[in-house]
Each structure stands twice: as C-alpha cells, then as structure tokens.
1. Run through the DSSP bridge list for chain A and note the antiparallel percent, rounded to the nearest 5.
2. Can you give me the orientation-averaged projected area of the convex hull built on the Cα atoms of the protein assembly as shown, in nm²?
3. Chains B and A: buried accessible surface, both sides, probe 1.4 Å, rounded to 100 Å²?
4. Per-residue counts of other Cβ atoms within 10 Å, averaged by peptide: what ranking do you get for A:237-247, A:169-179, highest first?
5. Hey, can you grab everything whose amide H is under 5 Å from the amide H of A:G20? Only 5+ residues off in sequence or another chain; H modelled, so Pro and N-termini drop out.
6. What translational diffusion coefficient, to the nearest whole µm²/s, does region B:1-150 have by Stokes-Einstein, given a Kirkwood radius computed over alpha-carbon pairs, a temperature of 4 °C and 1.567 mPa s viscosity?
7. Whole number please: convex hull volume per residue, Cα atoms of region B:1-76, in Å³.
8. Using a probe of 1.4 angstrom, how much of the accessible area of chain B is carbon and sulfur, in percent?
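The values are calculated or read from the model by the stated rules, or taken from the named source; none is laboratory data. None of these values were measured; they are calculated from a predicted model. Note: ideal-geometry Cβ built from the backbone for every residue, glycine included; neighbour counts use all protein chains shown. The area values use the complete protein model at the heavy-atom level, side chains included, leaving out ligands, DNA and RNA. Shrake-Rupley method; radii C 1.70, N 1.55, O 1.52, S 1.80 Å.
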Amino acid sequence: MALHVTGLSVGYGRRPIIEGLDIKEISGGSVTALIGPNAAGKTTLLRALAGLVPAKGSIRLDDVELASLSVAGHARHVTYMPQALPQRVALTVLEATLSALMSGEEGSKSPAQARLRALNALERLDISDLAMRGLDELSGGQRQLASLAQSIVREPSVLLLDEPTSALDIHHQLRVMQLVEELARERGIIVIIVLHDIAQAARYAQRIIVLEQGAIAADGSPAQAITPATLARVYKVEARVEACSRGFLQVIVDRAL
Amino acid sequence: MTDISPHATELAAYARLVRRRVLIVVGLGALMLVALLFDIATGPSRLPLGDVIAGILDPASLDGPARVIIWQVRLPYALMAVLVGAALALAGAEMQTILNNPLASPFTLGVSSAASFGAALALVMGASLPLLPAEWNLPLFAFIFAFGSVLLLQVLAGMRGTGVETLVLFGIALVFTFNALVALIQFVASQEALQQLVFWSMGSLSRASWGKLGVLALVALVTSPYSLAASWRMTALRLGEDRARSFGISVKRLRFFSLLRVSLLAGTCVAFVGTIGFIGLVAPHIARILVGEDHRFFLPASMLAGASIMSLASVASKTLVPGALLPVGIVTALIGVPFFMALIFTRRERL
Ligand SMILES: Nc1ncnc2c1ncn2[C@@H]1O[C@H](COP(=O)(O)OP(=O)(O)O)[C@@H](O)[C@H]1O
Ligand SMILES: [Mg+2]
C-alpha cells in the first residue's frame, strides 16, 4: 500500500495555505509523523488527504485517485480523527463508536457484527469499562481515546490522526503510540499522525515530515529530519539532538531563539 | 466466571440500555394515549372515559349527540393536538441536530414569524389565490411563507463557506424581519382584522377539521420514515461535521433533505394552528434527557414527548378557565415548563 501526493494545493476562500505540495511515496506498514509549529498547515494537509476540504492536485492510493472520489468513496479508504473533540453530546462511548460503522455505506451490514467490532476497538484501547459511559461525563483524555476508537473501528487503509495524544497522560500517550505502530504493522496500513512531542515522533515513527508554512521543511528518517539546523529554522529554538543510551534520538532544547 | 463469547458483559449491558430506551419510548407513547383520551373526554360537556373509548372503537354504541361530539368536534381537535405536537417536535429535533444548536427550533429560526407574515397578508391585506376555497386561503399563505423561509436558510446553507453559526444568525435575522413586517401590517390593519390576526398568532386548535388533519397526517407519514432512516447519520453528525464526513456521510445532502422535511412539517403545522412556539424547542430536550441522542430513540421520543405535551396543553386550555377555551399556544408553555424544569432538576440530583 502506498500513498502518492503530487501538486497538492489547498486554501480557505482565496487564501492559499498549501501550494503545489509533493510528498514522496508514503508506504504502508509504518508510522509517519507530521510535525511543525502552530499554523504550519498540518490539520489542513490531513483534512485535504481525507477529502474534507477542496484541494487541487493528485492524491493517489495505489491505483485509486482519491481526489476524484465522493465523500463516501473517500471514507472507504481514509479515516480522519479531528483535533477538536465534540462538546456536550448525549451519547455513550459505545453508541458513538457504533455510529462510525452504522452511519456510512456499510450501515446495512449486520448490527451484531458492528457491536463486536466496536467492542473490540474499545478493548484494544483499554477503555472497555467506558463503553456505557456518556461522552459528556468523560475527562478530556478519555474522550480523546473514545474519538480514537471511532477511527480505528473503521479499519481504514489510511489512518489520519490529528494530535490524538494532546490530552493524554504519559502512560496513555505511549500506549496510543504503541497501538498505532502495531496497527500499522499488523494491517500494513498507512498511518499519518500529527504530534507535538518531537522525541515521541522520533521514538515511534519510522518517518518524520516537518511542515512549515504549508511547505515541507524536512522529510526522512528521524535522524535525517530532526537536526539542530531544522529545529532552529522551523521552531526557532536552539536545541541539541543526541542519541540516548538505547540509541533513540532525544531532543534537548536549550533556549528560544 | 468465564465469558463464553467475547464481550458478553458489555453486550448484555448494551442490550439492557437499549431495552430501557425502548421502554421509555413505549412509556411516552402510553402517556400520549392517556392524554389523548382525556383530551377527547374534556370539554363543555364532560364525557366519561369509558364512553370515549367505546365511542371510538364502536361509534354505533353511542347515542346521537355523544357520537357527534366525539367524532365531529373532540376527535379532530384532539388528534390535531397530537399530530401538531409530534410534527413540531420532530422538526425541532432535526433542526437542533443538523444546525448543531440546542436553541434551534421552527420558532426561534423564523419559520413561525414568516408564517405569521403570510397570515397577515391574507387576513389584513386580503391577499388571495384564485380557484381556492376561502377556508384554505390563510393556511396556504402561511405555509408558503413558512416553507419559503426554510428554503432561504437552505439556499444559504448551500453557499460556499457558510457554517452552521451563520445559518442560525440568519434565522434570527428572519425572526426580526418578519416580526417587523407583521407589526407594520398590524399598524395599518382595521380593528377587526387586527383582532383576527392576534387570535391567529396565539395558536389555536379550534381551526382543526378532518380535512386539515388528513393533510398534516399525510405530511407526517411521508416525512417521518425518511427522518428515521437518517437516524444513524444524524447520530454520527453529533460527533462533528468532519467526523461525520469522514464516516462517509454527505453532510450537505443530509442537511438539505432534513431542512426540506422541517419546512414541510413546520410550515403545515403553523398554517393550520398558528404559532405554537414552545414544543419544537423543548420536546427534543426532554427526549435527550430521557433517551440520549441515539436518533433511533431520540427522534421517536421527541415526537411522543411533543405529542403528549400538546395533548395535555389542550386539556388544560379547556379546563384552566371554566367555560372558556383558551388558545392552546398560550397554555403549552405553562404546561411544558414545569415538566421540563422537573426533569432538569431530577437529572441534576442523579449526576
Ligand atoms: N477553516 C479555516 N478557515 C480559514 N483559515 C483556516 C481554517 N483552518 C485553518 N486556517 C488557517 O490555515 C493555516 C493553517 O492552519 P492549520 O492547518 O490548522 O495548522 P496546524 O494544524 O498546523 O496548526 C492557519 O494560518 C489557519 O489560520
Ligand atoms: Mg492542527
């Protein structure tokens, strides 16, 4: 499975955010992290890949041109987990997860099977105990896990996650990263995940794309993409990038430039 | 203890939840039926409930006057109350979901105001359509404007870059515009026409007839299956627009057809009984508290809650002031608010 993006242009109204973006083949089976400062266009890029915002250019998944598909066609291949969580919704975690399966094209499939799939997704995220709880009575982190369940339950070929760990404690952050890595490996799917924690991106992603003002500032393995020069240019910080005793990259930020 | 099938505990818990919700919906249905029977029994001459039930099941068992009272007077009124309550509640529930706004209802977004303007045109300015019986003139004008106001919302929704907030603001702007226009017409109206208009806008079931009942029933029968068919999609929309589209739902289409149903339902109701503002707003909230927002239960519960409140309001409108029939639009809020407040407070305690 491979995703090719060429000449992608996205904007809101007349304001261009991303212009003529090319991304080298993103292959399945591994995790790609998308990082970059605020307003770099990370959310815009993911929404464009998911067909949620009008875009020009080509987004090709193997032989399928996603850009020419309808909303329902897109949903067959791609699932996007939004950064913002819904407020004040009187649904239980299980009902919300079920709606991910029952509302789309495949809604006619067996409800019993949908219930099992939904419960499997909750179990996978270790939130089976929240199944009957209302979304509006959960903590921010729990709601984020519920939202993640709504995405993985659809078993997409391309899983797009927009800051899925921003409200989680460190234990759950790592659990989610491990799960995402497992999913990518098991199912051979493409996972693109927006992260703020650079060290976590370096630890769990096989590839890192650094976005700055709608353009790619660096792209490659963690060691290639995360360098003091890139961090200085993109994040305006003076930082050291060092390998820890286990060989993973660590970023030590000394000061803002 | 070992589970034979995976997730047996969660599946059982979910089955219990579904059963509870079905029971609540059935309970609301029973409440509606009881209210309906009381509504038929209540009036200048009180009929025993037993006679009412017998007279409906077997009209021949009643003597002439009682049969006429039940079949020509009470039944059309009472059924109109139930149908109008259900239709306005369904319209309100759909609007609240597709506009993602708990304050949305046919009344708060200009539908009723537009209908009042249409009614004012017909009543005061004598506007009429050729080839139409005079009796249908006013309802038709009210309907055209109510329908038109939702179509306006619709056009706006179709334009690029309009979010739901814009739609809600536009609806509120419609309220003020049409209210100003109605005031303008009232200002130039004759004393008699003014009185008629004021009475019309209070909302009254006294204009019910089997003919109008048939029209409203037809509208409800045609629209509600589509509403129920869209219930999973509306449930998903509660999780956010991006989320719903990412599930494969064409939110634009969902919104278009939903607003179309709303305009038919609300337009027909307002045309026949005038403005009844409270039901479309509050019945969905009552349903939400009782069964949550899985729309498979939420939509029917809204309809039944709306029908029950409207029916109880009809009983109250006949009994509050002895000997007088109050316009039901005045009473709905008086009946509904205590009910609503009680629910909110009992829920507070449980949390
Ligand atoms: N719905 C929108 N309408 C107009 N401009 C937007 C919208 N969403 C984002 N933008 C703009 O696009 C730019 C990129 O935003 P975004 O993709 O959300 O950045 P990131 O996710 O990297 O923080 C920002 O300048 C933001 O103001
Ligand atoms: Mg973002």
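1. Bridges in chain A that DSSP calls antiparallel: roughly 60 percent.
2. Averaged projected hull area, Cα only: 35.1 nm².
3. So the buried area, both faces added, is about 2900 Å².
4. Working: A:237-247: 11.6, A:169-179: 15.3.
Sorting A:237-247, A:169-179 by mean packing, highest first, produces A:169-179, A:237-247.
5. A:L8, A:S9, A:V10
6. Working: Rh = 19.8 Å.
D = 65 µm²/s.
7. 131
8. 71
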